[in-house]
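Have a look at the structure below before the remarks.
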Amino acid sequence: MKTFAGRKLGRPSDHRRTLLRELATNLLKHEKIQTTLPRAKEVGRFTEKIITMAKAENLAARRRVAGKVHQKEVQKKLFEVLVPRYQSRSGGYTQILRTGPRSGDAAPMAVIRLLP
């Protein structure tokens with residue numbers, strides 16, 4: 001059984017891992033997503049690790065990224081567009097902007113985006 005450091009987000013570990021994987025995939029695909037603040041903070045950490053992993057640009061890095069990002073077109077974008085963009089940056093690829101509470105349940109919302 002794998003352990004998971006970070007917020008629990010009210011889910012069992014396998015559901016939480018899948019949620020973060022899908023949010024990270026959407027963030028890499030669209031470069032901006034809106035979600036709750038705790039999810040944004042967790043997906044930011046997860047996405048930063050994926051981008052740093054991809055910067056190695058070798059076969060092992062491609063396989064490790066493929067284990068986290070299952071969509072081929074997003075993997076292609078990561079290695080062809082995002083890695084060259086962040087090659088000179090050593091971290092801090094994402095930015096979280098708070099957008100206020102959600103109208104239904106007053107959950108704190110945020111927009112997380114990849115820096116240009």
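The values are calculated or read from the model by the stated rules, or taken from the named source; none is laboratory data. Because the structure is predicted, anything quoted here is derived from the model rather than measured. Counting neighbours? That spans all protein chains shown, and the Cβs are built from the backbone with ideal geometry, glycine included.
All of (1) in a strand (DSSP E or B); (2) loosely packed, with under 13 Cβ neighbours inside 10 Å hold for GLU57 with one exception: (1).
Applying a threshold of 8 Å to beta carbon distances and a minimum spacing of six or more residues, or different chains, the list of pairs starting in segment 15-29 at a residue that is touching a residue at least 40 places away in the same chain (Cβ under 8 Å) and ending at one that is among the hydroxyl-bearing types (Ser, Thr, Tyr) and surrounded by 17 or more Cβ atoms within 10 Å (Cβ to Cβ) reads ALA24/THR47; LEU27/THR47; LEU27/THR94; LEU28/THR47. Looking at segment 4-47, which of its residues are among the small types (Gly, Ala, Ser) and either modelled with pLDDT of 95 or more or closer than 28 Å to PRO116 by Cβ (or both)? Of everything in segment 4-47, those that are among the small types (Gly, Ala, Ser) and either modelled with pLDDT of 95 or more or closer than 28 Å to PRO116 by Cβ (or both) turn out to be GLY6, ALA24, ALA40, GLY44. Taken over segment 84-112, the criterion of being of a type outside the set (Phe, Trp, Tyr) and surrounded by 18 or more Cβ atoms within 10 Å (Cβ to Cβ) is satisfied by THR94, MET109, ALA110, ILE112. Residues in segment 24-54 that are part of a helix (DSSP H, G or I) and acidic (Asp, Glu) were compared, and the one that is surrounded by the fewest Cβ atoms within 10 Å (Cβ to Cβ) is GLU48.
Taken over segment 56-72, the criterion of being in contact with a Leu (Cβ under 8 Å, 6 or more places away or on another chain) and over 13 Å from THR18 (Cα atoms) is satisfied by VAL65 alone. With respect to the conditions (1) in contact (Cβ under 8 Å) with a residue 12 or more places away in the chain; (2) assigned to a loop (DSSP other than H, G, I, E, B), THR99 lacks only one, and its number is (2). Can GLU73 be described as on the phi > 0 side of the Ramachandran plot, in contact (Cβ under 8 Å) with a residue 12 or more places away in the chain and surrounded by fewer than 16 Cβ atoms within 10 Å (Cβ to Cβ)? Against the criterion (on the phi > 0 side of the Ramachandran plot, in contact (Cβ under 8 Å) with a residue 12 or more places away in the chain and surrounded by fewer than 16 Cβ atoms within 10 Å (Cβ to Cβ)), GLU73 does not qualify. Among what's in segment 60-96 and is aromatic (Phe, Trp, Tyr) and outside any helix (DSSP H, G or I), pick the residue that is farthest from ASN26 (Cα to Cα). Per the stated criteria, the residue is TYR86. Within segment 41-81, being among the polar types (S, T, N, Q) and within 21 Å of ILE96 (Cβ to Cβ) holds for THR47, THR52.
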